[in-house]
Amino acid sequence: NPYAGLVSHLRASWLSGKTRPMEYRVAQLEALGRFLDEKKQEILEATELDMGKPSFEAFFSEILLCKNELNVTLNNLCHWMKDEHVDKNLVMQLDSAFIRKDPYGVVLIIAPWNYPIHLFLVPLIGAIAAGNCAIIKPSEISKNTERLVAETLSCYLDTDCFAVVTGGVPETTRLLENKFDYIFFTGSPSVGRIVMTAAAKHLTPVTLELGGKNPCYVSDTCDVTNVAQRVVWGRFFNAGQTCIAPDYLLCTVEMQDKLMPALRAAITEFFGPNPRESPDFGRIVSDKHFRRIRALLGSGRVAIGGQTDEAERYIAPTVLADVLPSDPAMQEEIFGPILPIVVIANMDEAIDFINARPRPLAIYAFSCDSKVVNQVLERTSSGGFCGNDTLMHVTLTSLPFGGIGNSGLGKYHGKFTFDTFSHHRGCLHRNMGLETLNAPRYPPYTQQKLGLLTTTFEVKRRGTCTLL
């Protein structure tokens, strides 16, 4: 295997204990901060070349949010690393019971192309903070960013403990043949199954950040202008190539009629009369993805947009009206600048529609009535939830980010990333003396010993608590 030597080298570094001291972890994290500062312009240029990403969007998503994760980690690492002492029973009052946050060892991070810096760097921050060695596999589809990461990251990080592997499907397949101690994958559910199958051969734990069709319910009681602006921003950010973008709208036919002019006005306000000329609207990452997305335009009827240019890989911000659940746009995650609207009769039907499909990475609900938003939250299941906005929940490092079911497995962001890459090791350190305390558990067994054992080990039910 072409990567066996690399994995062995990193494992030897990890076994040496090099990555365990807090000072080492802090030094490597600070180096990542310098990478973001010193390579800022190159990151903006590479993401623009790869998918026409506007510099505003690239700075916000690829640099600012990464620096927030980095600084939250540096601000709290000392506290996160400490042993966590836990409750003890009567017998062990003089002993030490605690949870040790151990690194897993050598971890593999496989990143996607749509946010090619953010989606390798945020997991890497947690992997380093937790004391692991890591191999990073950036996506070959965003080739300019892949080249930037491959050529420059080694100038900042310790090459005995961190490495970048490039290439496509064959290289990733060979890489996955090696035994890793943890695998963190971001991508599609179909590839997630392949990664999980490879991990299972070595009993390697995984985090899978996948995707899915994120529903957005708009009730009849809402501020239509505000809904339109927040939905248009979330759907067309990064030209719709966002795993948590609202994938389709659910609303009544009356609300569809009200929303359409508001959506058109928001698109014009954001991107001008011809979005193709806007510096604030991106492009599709590859010819293959362009053709796949363009084929979805036949669903329902094009109410707004619909223009395409294959040479530029441009697809206009598009809204499809009267889309049927059987239409092609409703059979797969769109991952592009198309917003289908599916008409439903009421909130109950919208909730049934959502629950009849695989659990998504995010659910959005808009209403001026908080009871409606809470109903959607309580009666559905998804990786994350955001009421009366789109995407914004992912900007909080205090919230876990991750999927459920078809949309993924595991969570990260902030302390959750540190915890994901840490083995929570249950530890008990007992006193060598006081052997008489242990006598009740030793044979020969008697009823008296069982009574003593029950008294000292039994956990009793407290009175019931009432949720306010």
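The values are calculated or read from the model by the stated rules, or taken from the named source; none is laboratory data. This one's a predicted model, so the numbers in the text were calculated from it and none came from an experiment. Cβ coordinates were reconstructed from backbone atoms using ideal geometry, including for glycine residues, and neighbour counts include every protein chain displayed. Heads up: the accessible areas ignore ligands, DNA and RNA and are worked out on the full protein's heavy atoms, side chains in. Shrake-Rupley method; radii C 1.70, N 1.55, O 1.52, S 1.80 Å.
Round to the nearest 0.05 the FRET efficiency obtained for ARG441 and THR173 when R0 = 60 Å and r is the Cβ-Cβ distance.
For R0 = 60 Å, the calculated efficiency reads 0.70.
Give me the net charge for the shell around THR454: Cβ to Cβ below 12 angstrom, other residues only, Lys and Arg +1, Asp and Glu -1.
+2
Return the percentage of antiparallel bridges among DSSP beta bridges fully within the chain, rounded to the nearest 5 %.
DSSP beta bridges in the chain are roughly 35 percent antiparallel.
Would you work out which of GLY168, HIS202, LEU77 lies farthest towards the positive end of the dipole of the chain? Charges go on Cβ: Lys and Arg +1, Asp and Glu -1.
Comparing the listed Cα positions along the dipole, HIS202 ranks first.
Which percent of the accessible heavy-atom area of the chain goes to carbon and sulfur, probe 1.4 angstrom?
56
Give the relative contact order (percent, whole number) for the chain; include only Cα pairs under 8 Å separated by 6+ residues.
19
From the helices alone, meaning DSSP H stretches of at least four residues, give me the mean residue ellipticity at 222 nm for the chain, per-run term -39500 (n - 2.57), in deg cm²/dmol to the nearest 500.
It comes out at -11500 deg cm²/dmol, rounded to the nearest 500.
Evaluate the charge dipole of region 1-128 about its Cα centre and quote only its size in Debye, nearest 20, assuming +1 on the Cβ of each Lys and Arg and -1 on the Cβ of each Asp and Glu.
Here region 1-128 has a charge dipole of around 440 debye.
Rank-order 238-244, 55-61, 124-130 by packing density, defined as the average count of other C-beta atoms within 10 Å over each peptide's residues, highest first.
Going by the mean number of other Cβ atoms within 10 Å, highest first, we get 124-130, 238-244, 55-61.
Check which residues have an amide H placed less than 5 Å from GLY384's amide H, if you skip close sequence neighbours.
Those qualifying (amide H under 5 Å, at least 5 residues apart or on another chain) are ALA362, ILE363.
Quick one: accessible surface of MET92, probe radius 1.4 Å, all protein chains present, in square angstrom to the nearest 10.
Solvent-accessible area, nearest 10 Å²: 40 Å².
With unit charges on the beta carbons (Lys and Arg positive, Asp and Glu negative) and the dipole taken about the Cα centre of region 1-122, which residue among ALA46, LEU121, GLY5 sits farthest to the positive side?
Looking along the dipole axis, the top candidate is GLY5.
Taking the Cα centre of each part, how many Å lie between region 6-21 and region 208-246?
Cα centroid of region 6-21 versus Cα centroid of region 208-246: 43 Å apart.
Among 355-365, 21-31, 319-329, what's the highest-first ranking by average C-beta atoms within 10 angstrom per residue?
Ranking, from highest mean packing down: 355-365, 319-329, 21-31.
Let me have the relative contact order for region 215-403, percent, based on Cα pairs under 8 Å that are six or more residues apart.
28
Quick one: accessible area per residue over region 54-114, 1.4 Å probe, rounded to a whole number of Å²?
45
For the chain, give the magnitude of the charge dipole about the Cα centre (Cβ charges: +1 Lys/Arg, -1 Asp/Glu; no others), in debye to the nearest 20.
I would put it at about 1620 debye.
Of the listed peptides 169-175, 99-105, what is their order by residue-averaged count of other C-beta atoms within 10 Å, with the highest listed first?
Ranking, from highest mean packing down: 99-105, 169-175.
Under 10 Å from the Cβ of PHE271, count the other residues' Cβ atoms, weight Lys and Arg +1, Asp and Glu -1, and hand me the total.
My count for the surroundings of PHE271 gives -2.
Can you give the local net charge around TYR314? Use residues other than it whose beta-carbon is closer than 11 angstrom to its beta-carbon, Lys and Arg +1, Asp and Glu -1.
0
Explain nothing, just the number: dipole magnitude of region 215-403 about its Cα centre with +1 on each Lys and Arg Cβ and -1 on each Asp and Glu Cβ, in debye rounded to the nearest 20.
Charge dipole of region 215-403: 440 debye, to the nearest 20.
Name the residues of region 294-325 whose amide N is less than 13 Å from a point 7 angstrom out from the Cα of GLU349 along the C-beta direction?
Label zone hits: 322-325.
Antiparallel as a % of all DSSP beta bridges within region 215-403, to the nearest 5?
So the antiparallel bridges amount to about 25 percent of the total.
Search the structure for amide H atoms under 5 Å from the amide H of GLY408, placed 1.01 Å from N in the peptide plane, and list their residues when 5 or more places away or on another chain.
Here the answer is LEU210, since their amide H atoms fall under 5 Å of that of GLY408.
Put a dot 7 Å past each Cα toward the Cβ at LEU64 and HIS9; how far apart are the dots in nm?
Taking the simple label geometry, HIS9 and LEU64 are separated by 3.9 nm.
Determine which residues of region 417-455 fall in the zone a paramagnetic label at VAL86 would reach in this model, i.e. backbone nitrogen under 15 Å from the point 7 Å along Cα→Cβ.
Within reach of a label on VAL86: 423-430.
Taking +1 at the Cβ of each Lys and Arg and -1 at the Cβ of each Asp and Glu, which of ILE110, LEU249, LEU428 sits farthest along the dipole of the chain towards its positive end, judged by Cα position relative to the Cα centre?
Final value for the positive-end residue is LEU428.
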